[in-house]
Amino acid sequence: MAVYALNLFDVTNKDEYLAYSRRSAREVQAHGGRVVALGKFRESAVGDIEPRTVMIVVEWESKEAFESYRDDPALADLHPHRVNGTGNYIWHLFDKLEDLRPILKDTD
């Protein structure tokens, strides 16, 4: 089942993050991911989460595809650029749903 990875972060070192982003799009795709949304923070409408500057949503073919990207030893030199180039990183996974019925279903 497909999953979405929500990435929220601040860029703290542009050179490091550029080193990551130059290669990451190709590697994400090679591991079964597809960037579906990119965004720059505009404003807080509701909620108390500390805003991050950047939002990226990646659709992965499965949780295993996500893990293959995150844990691939061939990418051991790539991920440190993300870590060193960003701060306040949030990386959450969400199951893909066609609608909200599974969440709204009675559990009696």
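Every read-out reported here was derived from the displayed coordinates using simple, explicitly stated rules and does not represent laboratory data. This structure is a prediction, so every number in the text was calculated from the model and none was measured. Here Cβ is always computed from backbone atoms with ideal geometry, including for glycine, and neighbour counts include all displayed protein chains.
The table that follows gives values for the structure above.
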{"item": "Mean projected area (nm²) of the alpha-carbon convex hull when the chain is viewed from all directions", "result": "8.5 nm²"}
{"item": "J(HN,Hα) series, region 43-50, from Karplus relation 6.51 cos²θ - 1.76 cosθ + 1.60, nearest Hz, glycine and proline x", "result": "6, 8, 8, 8, x, 10, 6, 5"}
{"item": "Helix 14-30 axis, angle to the chain major axis (alpha carbon atoms, nearest 10°)", "result": "60 degrees"}
{"item": "Fewest-first ranking of MET55, MET1, using other Cβ atoms within 10 Å as the exposure measure", "result": "MET1, MET55"}
{"item": "Dipole in debye (nearest 20) - region 3-104, about Cα centre, beta carbon charges: Lys, Arg +1; Asp, Glu -1", "result": "320 debye"}
{"item": "Cβ crowding within 10 Å averaged over residues, with 94-102, 17-25 ranked highest first", "result": "17-25, 94-102"}
{"item": "Viscosity 0.890 mPa s, 25 °C: Kirkwood-radius Stokes-Einstein D of region 42-87 over Cα pairs, µm²/s", "result": "184 µm²/s"}
{"item": "Distance between modelled label sites at ARG26 and ASN88, nm, 7 Å Cα→Cβ extension", "result": "3.2 nm"}
